[in-house]
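What follows is one structure encoded as structure tokens, with my remarks underneath.
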Amino acid sequence: MFDGYASTVRADRLLSLVLLLQARPDVAAPELADRLGVSVRTVLRDVDALSAAGIPVYTERGRFGGIRLLDTYRSGLANLSRAEGAGLAVGQSRLAGDLGLGDALDSAIEKIIGAGGQALRGGLTQGRRHVLVDVDPWMRAGEAVPLLPLIHDGLLRGRRLSLDYRDSAGDRQLRTVAPAGLVAKAGTWYLVTAEPALVRVSRVLACTVLPQPAPLPPGFDLDAAWSRLRDRVEVRPRDLPVVVTAAPDAVAMVRRVLARHLRDDDGSSPTVRLAFAAVQHAVGSLLGLGTRVEVVSPPSVRTAMRTAALAVADLYRPG
């Protein structure tokens, strides 16, 4: 059908080319070549093959030229790749980028737009103009997760992972886990293991995908497992009382940021009473507030805050 080219790879590329052209009114050949991973000459040959097969595609020369498909033509097929399907499952562009699927998500959306026509393109454009989804929490940007694509690959392949991991207390350990799923919670990525247990991906220092399979327990449900693990974190005992003094111009902000830790608070005094699970839990929550808060008690938290602050200052010492 396509001028003698019968390979599966070529057929997939030709259909992808049609869908990309449906998604865009006109595209320059170099851009199409980049998107399809081929040369410009190959793109032009593919355009000739499509035209010979009766698909209304043509080229326009000149400064504003490009490769065009008649607006009335619709293939009705999305022809998404595995990576594009995975990108759509994530949906949010920043999270897809963390997984190494940012380009796949973009191309999947373009293909779907191409199959759906101008009405779908208009709806997507309008939606992006008026609705923004920001997955990062206040006061903090998303964590660096350079090993997330490798962990995701091991998860999809159903292989056990060997992790060099630094826990919340700063202790380093080697762990071998059976990956069961990934969860993005307020800009933070967690690996759910089959035990089940939680692994914070930003604390993984090294990862090796092992050849051993990692079967999931019968009836394993990621959503249910995540709910149970999340509840353990959210309802863990917070029996360490901490008293801080907030700067006058930061009282409202401090109460808002630390709302889940407030205890017996009158809502107006600069003295704020809090509760945490442990000293390091308190330091991790308070250090980011800088000079907006001063720990009054207990002495263990004051000492830990001073140690952490000096470590940060030493890190940025000139010379």
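The values are calculated or read from the model by the stated rules, or taken from the named source; none is laboratory data. Fair warning: this is a prediction, and the values are worked out from it, not measured in the lab. With ideal geometry, Cβ positions are generated from the backbone for all residues, glycine too; neighbour counts draw on all protein chains shown.
Does at least one position in segment 213-230 carry a residue that is surrounded by 15 or more Cβ atoms within 10 Å (Cβ to Cβ) and over 30 Å from Arg260 (Cα atoms)? Taking every residue of segment 213-230 in turn, at least one turns out to be surrounded by 15 or more Cβ atoms within 10 Å (Cβ to Cβ) and over 30 Å from Arg260 (Cα atoms).
Scanning segment 180-196 for residues that are exposed (fewer than 14 other Cβ atoms within 10 Å of the Cβ) and more than 22 Å from Pro137 (Cβ to Cβ) gives a single hit, Glu195. Between a residue in segment 207-219 that is farther than 10 Å from Arg160 by Cα and any residue that is part of a strand (DSSP E or B), which pairs come within a Cβ distance under 6 Å, given they are 6 or more apart or on different chains? If the second residue must be part of a strand (DSSP E or B), the pairs left are Cys207/Leu161; Cys207/Leu163; Leu216/Ala180.
Entry remark, segment 37-60: residues being among the small types (Gly, Ala, Ser), in a helix (DSSP H, G or I) and in contact (Cβ under 8 Å) with a residue 24 or more places away in the chain number 2 in total. Go through segment 116-173 and give me each residue that's among the β-branched types (Val, Ile, Thr) and at pLDDT 85 or above. Of everything in segment 116-173, those that are among the β-branched types (Val, Ile, Thr) and at pLDDT 85 or above turn out to be Val145, Ile151. When you look at Leu229, is it in the same structural domain as Gly181 (by TED's automatic domain parsing) and either of a type in the set (Lys, Arg) or in a strand (DSSP E or B) (or both), yes or no? Taking the combined requirement at face value, the residue does not satisfy it. Contact map, segment 289-303: first residue more than 14 Å from Pro248 (Cα to Cα), second residue part of a strand (DSSP E or B), Cβ cut-off under 6 Å, separation 6 or more or different chains; pairs are Val295/Val244; Val296/Val243; Val296/Thr245; Ser297/Val243; Val301/Val242; Val301/Val295; Arg302/Val295. Look at (1) at pLDDT 90 or above; (2) part of a helix (DSSP H, G or I); (3) of a type outside the set (A, V, I, L, M, F, W, C); (4) touching a strand residue (DSSP E or B) at 6+ places or on another chain (Cβ under 9 Å) and you find that Glu294 fails only one, number (2).
In this structure, is Arg317 among the basic types (Lys, Arg), within 28 Å of Lys185 (Cβ to Cβ) and surrounded by fewer than 17 Cβ atoms within 10 Å (Cβ to Cβ)? Considered against the rule, which asks whether it is among the basic types (Lys, Arg), within 28 Å of Lys185 (Cβ to Cβ) and surrounded by fewer than 17 Cβ atoms within 10 Å (Cβ to Cβ), Arg317 comes out as no. Any chance segment 281-288 includes a residue that's polar (S, T, N, Q) and farther than 30 Å from Ala194 by Cα? Looking through segment 281-288, none of the residues is polar (S, T, N, Q) and farther than 30 Å from Ala194 by Cα.
Just one of the listed residues (Arg260, Arg255, Arg273) is surrounded by 15 or more Cβ atoms within 10 Å (Cβ to Cβ), charged (D, E, K, R) and part of a helix (DSSP H, G or I), and it is Arg255.
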